Amino acid sequence: MENERDIYYPSPESVRGSLAENWEELERSAAEDLEGYWADRASELVWSKPWDQVIDDSEKPFYRWFVGGETNIVSNAVDRHITGPRKNKLALLWRSEDNKETRTFSYFSLNREVVKMANILRAMGVEKGDRVTIYLPRIPEVVFAMLACAKLGAIHSVVFAGFSADALSSRIDDSESKLVITADGSWINGSVFPLKNIVDEAVRFSPTVENVIVVRRTGTEVHMDSTRDHWYHDLESLPIARGACPTVQVDAEHPLYILYTSGSTGKPKAILHTHGGYMVGTYTTLRYTFDIREEDRFWCTADAGWVTGHSYVVYGPLLAGATTLMYEGGPTYPHPDRWWELIEHYGITTFYTAPTAIRSLMRFGDAWVNRHDLSSLRLLGSVGEPINPAAWRWFHEVVGGGRAPIMDTWWQTETGMFQITGVPAMPQKPGSAGRPVFGQEAEIVDGDGNPVPDGTEGFLVLKNPWPAMARTLYKDDDRFVETYWSKYPGRYMTGDAAKRDEDGYFWIIGRTDDVIMVSGHRLGTAEVEAALNSHHAVSESAAIGVPHEVKGQSILAHVVLNQGFTGSRELVEELRAHVAAHLSPIAKPDEILFVEKLPKTRSGKIMRRVLRARALGQDEGDLSTLEE
Ligand code: 6R9
């Protein structure tokens, strides 16, 4: 933050001929004519019926986009490519964690896989509007499954394949999914994570799930229920899998997917995105920010279980007709140069990852990077948390060879697409996400919604609607209005604290609500506490995020024990394992403190702010609402 004046000017090569070379002009014209700007972008894609109206804001905040238009995101992500010069272009490259298997799909063969899976889903009774839960690791089938659902007009709900049976089951039940697509297991650092067993447990009492499709990945022995479970490789060879499968044309506002994300209460929020606007938004932002060119090879390291995977592994790159890499494993297994090796091997030009990964790789030193030829890289990207200037510089200098600018993209599950970011031609400030995307206006306000002067910290709000905006929370319109649109009427409340500098660049500080970002994964304090509280020794608990050098934030849990229990090293380990099993290994608290009681408000709400201040040795602030 002390380096606001530190500016990196892009090299002439990153500016010349880039799609948003004239960014100042684009910014100005989109501000003058928002509808015209988005109508032009939408016209670059195919619609089976043109829209009558670009934005309908008659029932704010329930905005509708491209009203009256009909299309399907798959018509644009796959179908339109196979009738043109991209038919034989590589769409998806895949590498296994053990580095021994490679699979590649042209747009033509991607379509074949999607058609096959869609035929199978259709034969199992999946129809337009039905929900399907996808619980798959980073393998090509996760892409096929998402696209197959979309092709039929069904709504996918991808659940990160690291969540526990409890978390999976509540998401299946809430979405009332009739089908679950999973794998026998997944590879994590050389060992098997038992996905199918977790699904078995999750669907045991599910009132809605009729079928489970199982992709063979690890070859581990699993239990197959003959009336419910089907191996995908068996289904693939049946006659039902064959033949053409038309892409169902849907209304622009037809739901595309639900994605559960943490909120400040225990119940995750079911973010709903739609076909038309989401398609236009992800297509446009990916192209302008990452300057996608035909010869590029794009790699976003995110998992399809998070929004970054939805928008910028699956939909955005395919909409743009790009070539994408998906890698099954993580950054440091078996050695901290696996990613660099893949960049070299595949000639990746555009590499998009998270600060937590950058920091963890930085710890191993430059030598691991330097033994690889990374000269193909021309653009880098960062997402998920603020990137600290030290990590920014290392990424730029050591990985990007001082050539590749870094696109620091700020956005959320709810926004569906980038909201604040740079473009290659824009000067960069390490640690700042840059400027609102074309057509957006962001503002920093105080608690009453009044804009604060530049340089002052406040709450980040968005002023204009955008096509990929969440339409609602599935089955919960009231919570949607209350969470995002009620505090500052007419403006979208992001929940982040930030400031703007005198050049109009935004500096994100972090979440203001009770959400913890561990390694770029968003966790609710309430979810972690719910997992802890489900242990028989725990009476109650409070989880907070504290700064962590590598992970961004780590979890510090305060635990009040039931009578008859005393805190011990063993119990700490037991509780950590318990959270891993009942929520996710990512959510394991780094530290657990046993306390007599928790600070609470008179109305009984835990004051995590006080715990945070204590943990950081800061002033505890206003304690007037504290109990007793
Ligand atoms: C895309 C994604 C959203 C929250 C968001 C903010 C943080 C995301 C950021 C960033 C600083 C960036 N965040 N990108 N903070 N700089 N470039 O991560 O979605 O999982 O919903 O999290 O992540 O706090 O509010 P999601």
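Every number here is computed from the coordinates shown, using simple stated rules; none is lab data. Model, not experiment: these values are computed from the prediction. Counting neighbours? That spans all protein chains shown, and the Cβs are built from the backbone with ideal geometry, glycine included.
Quote the FRET efficiency, to the nearest 0.05, computed for residue 6 versus residue 370 with a Förster distance R0 of 22 Å and r equal to the Cβ-Cβ distance. After rounding, the FRET efficiency stands at 0.35. Looking at the square roots a ≥ b ≥ c of the eigenvalues of the Cα gyration tensor of the stretch 498-578, which shape do they give, rounded for a/c under 1.5, prolate if a/b is larger than b/c, or oblate? Cα axes put the stretch 498-578 in the prolate bin. The fewest-to-most ranking of 283, 288 by surrounding Cβ atoms within 10 Å reads 288, 283.
The spacing between the stretch 306-381 and the stretch 427-499, judged by their C-alpha centroids, is 29 Å. Sorting 594, 66, 418 by the number of Cβ atoms found within 10 Å of their own Cβ, with the fewest placed first, yields 594, 66, 418. By the combined test of axial Cα extent (at least 18 Å) and Kyte-Doolittle hydropathy (mean at least 0.5), the qualifying DSSP H helices of the chain come to 140-152. Taking the alpha-carbon centroid of each part, what is the distance from the stretch 566-614 to the stretch 204-272 in angstrom? Rounded to whole Å, the Cα centres lie 34 Å apart. For 151, 178, the sequence from fewest to most other C-beta atoms within 10 Å is 178, 151. Segment residue 59..residue 231, full-extension length gain: 57.4 nm, with 0.36 nm per residue of separation and the alpha-carbon distance subtracted.
Within the same chain, lysines fewer than 8 places from residue 597 are excluded, and of the rest, those with a Cα less than 23 Å from its Cα are 588, 605. Within a straight-line Cα-Cα reach of under 26 Å, residue 87 can be paired with the following lysines, leaving aside sequence neighbours fewer than 8 residues apart in one chain: 49, 116, 151.
Fully extending the segment from residue 204 to residue 463 would add 88.7 nm, taking 0.36 nm per residue of separation and subtracting the current Cα-Cα distance. In the chain, the calculated helix contribution to ellipticity at 222 nm averages -7000 deg cm²/dmol per residue, counting -39,500 (n - 2.57) for every DSSP H run with n ≥ 4.
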